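Have a look at the structure below, then the notes.
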Amino acid sequence: MNSRFVMAAHVLGMLALHEREDAITVTSEAMAESIQTNPVVVRRLLGDLSRAGLVETKRGAGGGVRLARAPESITLCDIYKAVGEGAELFGRHPAGPNPMCPVAPMVAEYLEEVFRRAEAAVHQSLGGTTVAQMSHEVDKRIRALGGKGCR
């Protein structure tokens, strides 16, 4: 898992917060400012999220980004699949195990089994949390601090 997932979850959580406050769209510049990255990075993420059917973008005056589905129907696993699919959760031996060593292939095989179980657990955990749940919890934490944050 990489920072693209974290930034994409941030973006969707921010959109859900704005949606509850009746702000229809948010600009990539505002998202980039909140994430502390370049708007180009956000736009690339938005492209992946759009292709996955998670966000819609509107260009031009009054344009911006909004959720394409209800936040209750988007899970963190959906976000992970949109921006992190294909990325290894756990690194593998770069050159592979030494086939001449009787131990190396067995260690690699064993670790693959462990990694598969761990990856399944991560997917299950992410799939059990929606963007709505995340945004409500974030909003609650912001309010507990007595502010609105940098929305």
Does segment 79-95 contain at least one residue that is in contact with a Phe, Trp or Tyr (Cβ under 8 Å, 6 or more places away or on another chain), of a type in the set (Gly, Ala, Ser) and either loosely packed, with under 12 Cβ neighbours inside 10 Å or closer than 29 Å to residue 16 by Cβ (or both)? yes
Sort out which residues of segment 80-91 are modelled with pLDDT of 80 or more and charged (D, E, K, R), and write them in order of number. 81
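Can you tell me which of 42, 65 is of a type in the set (Val, Ile, Thr) and under 27 Å from residue 119 (Cα atoms)?
Details: 65 fails: under 27 Å from residue 119 (Cα atoms).
Going through 42, 65 in turn, the sole match is 42.
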Only one of (1) under 20 Å from residue 136 (Cβ atoms); (2) out of contact with any strand residue (DSSP E or B) (no Cβ under 9 Å at 6 or more places or on another chain); (3) in contact (Cβ under 8 Å) with a residue 12 or more places away in the chain does not apply to residue 87, and that is (1)
Considering segment 16-73 alone, what residues qualify as being of a type in the set (Lys, Arg) and closer than 23 Å to residue 137 by Cα? 20, 66, 69
Can you tell me which of (1) at pLDDT below 90; (2) β-branched (Val, Ile, Thr); (3) farther than 25 Å from residue 30 by Cα is the one residue 122 doesn't meet? (1)
State all residues of segment 21-45 that are of a type outside the set (S, T, N, Q), in contact with a helix residue (DSSP H, G or I) (Cβ under 7 Å, 6 or more places away or on another chain) and in contact (Cβ under 8 Å) with a residue 40 or more places away in the chain; if no residue qualifies, say none. 26, 45
Among the residues of segment 63-76 satisfying the criterion of being surrounded by fewer than 18 Cβ atoms within 10 Å (Cβ to Cβ) and among the hydrophobic types (A, V, I, L, M, F, W, C), which is nearest to residue 21 (Cα to Cα)? 70
Residue under question is residue 60, and the condition is that it be surrounded by fewer than 13 Cβ atoms within 10 Å (Cβ to Cβ) and either more than 15 Å from the chain's Cα centre (by Cα) or closer than 30 Å to residue 20 by Cα (or both); does it hold? yes
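Conditions (1) crowded, with 19+ Cβ neighbours inside 10 Å; (2) modelled with pLDDT under 95; (3) more than 17 Å from the chain's Cα centre (by Cα); (4) among the charged types (D, E, K, R), marked per residue:
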{"position": "20", "(1), (2), (3), (4)": "no, yes, yes, yes"}
{"position": "24", "(1), (2), (3), (4)": "no, yes, yes, no"}
{"position": "29", "(1), (2), (3), (4)": "no, yes, yes, yes"}
{"position": "43", "(1), (2), (3), (4)": "no, yes, no, yes"}
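The values are calculated or read from the model by the stated rules, or taken from the named source; none is laboratory data. Everything quoted here is computed from the prediction, not taken from an experiment. Virtual Cβ from ideal backbone geometry, glycine too; neighbours counted across all protein chains shown.
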